[in-house]
Amino acid sequence: MSLLQVENLSVEFSIHKKKLMAVRGLSFEIKEGETVALVGESGCGKSAAVQALLKLDSVSHTTGSVRFCGEDLFKKSREELSHFRGKEIGMIFQDPFTSLNPTMKIGEQIIEGLVYHKIATKEEAKTKALELLRLVGISEPAIRYSQYPHSLSGGMRQRVLIAIAIAMNPRLLIADEPTTALDGTVSTQILALLKQLTSERHTSLLLITHDLSLVASYADRVLIMYAGKIVEEGSVDDVFLRPKHPYTQMLLQTLPRLDLPKTQTIVPIEGSPPNLFSKPTGCPFAPRCPRAFDQCKKEEPPLANGSACWKPND
Ligand SMILES: Nc1ncnc2c1ncn2[C@@H]1O[C@H](COP(=O)(O)OP(=O)(O)O)[C@@H](O)[C@H]1O
Ligand SMILES: [Mg+2]
């Protein structure tokens with residue numbers, strides 16, 4: 001069953017009276033229990049898209065429709081939306097150093113939502129918080145409960161943020177670059193924890209990342225985003241083994257591979273994404289694309305059969 005349906009989502013920012021089109025007609029869905037990865041270079045609109053889903057920022061102009069369990073989120077009042085945030089849809093953000101309130105004890109931050117949404121009394125919430133701390137792999141939960149965020153390492157803080165996000169058993173978790181601020185080993189542990197918790201609880205996960213290499217082990221389906229649009233979508237196997245869009249193919253070539261000698265140099269994609277102050281004429285990837293031909297410079301290709309390309313690799 002479809003849990004989240006996003007249709008034609010567009011997000012614009014006004015900067016010095018100019019319009020920046022951060023997200024341009026994004027459509028995708030997430031099914032119950034499914035992990036979908038949204039992947040793309042920094043600045044392609046991933047965060048703007050998820051912030052817009054939950055109307056988390058008030059500065060952008062957002063159009064399109066977002067349905068969660070069939071209900072239109074954009075038709076909801078602020079109060080109704082606050083019911084969805086946290087309770088039905090949990091969020092984990094990039095930076096565990098700034099996402100926690102430095103002036104509140106860890107435990108209080110975990111029980112806040114449970115008490116606010118009247119899911120538990122303060123006493124019940126405390127028992128649940130200790131259980132959650134244990135569940136996310138934090139030792140000595142009773143001690144951690146009464147500590148402030150500054151006494152925890154980055155990895156531990158991200159574990160606390162995961163505990164907060166799953167406290168109310170949301171049906172969907174959105175994790176926006178949850179490991180970017182962490183080092184390699186810690187980030188693998190955090191992703192493994194997210195994967196384990198979501199599969200045990202049959203929670204859907206929208207995993208946002210700029211790092212395609214993380215996706216193969218954690219996602220069921222992949223959406224590749226470029227310049228505010230989805231340019232390729234498919235199962236992990238489709239995207240990794242049978243990529244259609246030249247951008248996806250080039251991204252895959254930038255990944256370190258175990259089957260190649262260490263001396264093999266990784267070729268970065270040359271050029272940079274377009275600025276989005278004006279609607280691109282033609283395919284926004286054309287200036288960087290080795291397969292571009294006349295039509296690519298004139299008309300932007302629609303997403304069809306899994307890719308937005310006039311000359312996909314079939
Ligand atoms: N609050 C904002 N005000 C103005 N521009 C913004 C704001 N947030 C994001 N942008 C712009 O929107 C584009 C997409 O940004 P973002 O969604 O943060 O990218 P990503 O998460 O993929 O790195 C960028 O050009 C960024 O500068
Ligand atoms: Mg981002």
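The values are calculated or read from the model by the stated rules, or taken from the named source; none is laboratory data. Remember, predicted model here, so these are calculated numbers, not experimental data. With ideal geometry, Cβ positions are generated from the backbone for all residues, glycine too; neighbour counts draw on all protein chains shown.
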Unmet requirement for Glu71, which otherwise passes all of (1) at pLDDT below 95; (2) loosely packed, with under 15 Cβ neighbours inside 10 Å; (3) closer than 22 Å to Ile224 by Cβ = (3)
Within the set of pairs 6+ apart or on separate chains, which have a first residue in region 32-52 that is more than 22 Å from Leu193 (Cβ to Cβ), a second that is in a helix (DSSP H, G or I), and C-beta atoms under 7 Å apart?
-> Gly40/Lys46
Mind listing just one residue for me: the one in region 262-300 that is among the aromatic types (Phe, Trp, Tyr) and at pLDDT 95 or above and, of those, surrounded by the fewest Cβ atoms within 10 Å (Cβ to Cβ)?
-> Phe293
Could you grab me the full set of residues in region 172-202 that are of a type outside the set (Ser, Thr, Tyr), out of contact with any helix residue (DSSP H, G or I) (no Cβ under 7 Å at 6 or more places or on another chain) and surrounded by 21 or more Cβ atoms within 10 Å (Cβ to Cβ)?
-> Leu172
Scope region 70-110; condition in a helix (DSSP H, G or I), over 22 Å from the mean Cα position of the chain (by Cα) and without any contact (Cβ under 8 Å) to a residue 40 or more places away in the chain; matching residues | Lys75, Arg78, Glu79, Glu80, Gly107, Glu108
Just give me the residues in region 37-61 being touching a strand residue (DSSP E or B) at 6+ places or on another chain (Cβ under 6 Å) and away from ligand 2 (no atom under 16 Å from the Cβ), in sequence order.
-> His61
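So that you can scan it fast, the table gives a plain yes or no per residue for (1) polar (S, T, N, Q); (2) free of Cβ contacts under 8 Å to residues at least 24 places away in the same chain; (3) more than 16 Å from ligand 2 (Cβ to nearest atom):
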position: His150; (1), (2), (3): no, no, yes
position: Gly155; (1), (2), (3): no, no, yes
position: Pro170; (1), (2), (3): no, no, yes
position: Thr180; (1), (2), (3): yes, no, no
position: Thr185; (1), (2), (3): yes, yes, yes
Could you grab me the full set of residues in region 1-43 that are outside any strand (DSSP E or B) and not aliphatic (A, V, I, L, M)?
-> His16, Lys17, Glu32, Gly33, Glu34, Gly40, Glu41, Ser42, Gly43
Taking region 131-171 and keeping only residues that are surrounded by fewer than 17 Cβ atoms within 10 Å (Cβ to Cβ) and more than 29 Å from Lys31 (Cα to Cα), one is left with Ser139, Glu140, Ala142, Ile143, Ser146, Gln147, Tyr148, His150, Ser151, Ser153
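Looking at Leu212, Leu206, Leu191, can you tell me which residue is without any contact (Cβ under 8 Å) to a residue 40 or more places away in the chain and not acidic (Asp, Glu)? Spell out how you get there, then give the answer.
Numbers: Leu212 fails: without any contact (Cβ under 8 Å) to a residue 40 or more places away in the chain; Leu206 fails: without any contact (Cβ under 8 Å) to a residue 40 or more places away in the chain.
Exactly one of Leu212, Leu206, Leu191 is without any contact (Cβ under 8 Å) to a residue 40 or more places away in the chain and not acidic (Asp, Glu), namely Leu191.
Kindly indicate whether any position in region 52-60 is of a type in the set (D, E, K, R) and within 11 Å of ligand 1 (Cβ to nearest atom).
At the first step, the residues of region 52-60 found to be of a type in the set (D, E, K, R) are 55, 57.
Now drop any that are not within 11 Å of ligand 1 (Cβ to nearest atom), which leaves 57.
Yes, region 52-60 contains a residue that is of a type in the set (D, E, K, R) and within 11 Å of ligand 1 (Cβ to nearest atom).
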Within region 205-232, tally of residues that are over 14 Å from the mean Cα position of the chain (by Cα), surrounded by 24 or more Cβ atoms within 10 Å (Cβ to Cβ) and more than 16 Å from ligand 1 (Cβ to nearest atom) = 0
Which of the residues that make up region 110-129 are surrounded by fewer than 19 Cβ atoms within 10 Å (Cβ to Cβ) and not basic (Lys, Arg)?
-> Glu112, Val115, Tyr116, His117, Ile119, Ala120, Thr121, Glu123, Glu124, Thr127
Is there any pair linking a residue in region 287-304 that is farther than 14 Å from Gly271 by Cβ to one that is polar (S, T, N, Q), with Cβ under 7 Å and at least six apart or on different chains, and which?
-> Lys298/Thr281
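It is to be established whether one or more residues within region 27-43 are over 24 Å from Glu232 (Cβ atoms) and surrounded by fewer than 18 Cβ atoms within 10 Å (Cβ to Cβ). I'd like the intermediate steps shown before the answer.
Initial filter on region 27-43 (over 24 Å from Glu232 (Cβ atoms)): none.
No - not one qualifying residue is present in region 27-43.
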Unique match (being more than 21 Å from Asp95 (Cβ to Cβ) and not hydrophobic (A, V, I, L, M, F, W, C)) among Ser151, Ser199, Ser187 = Ser199
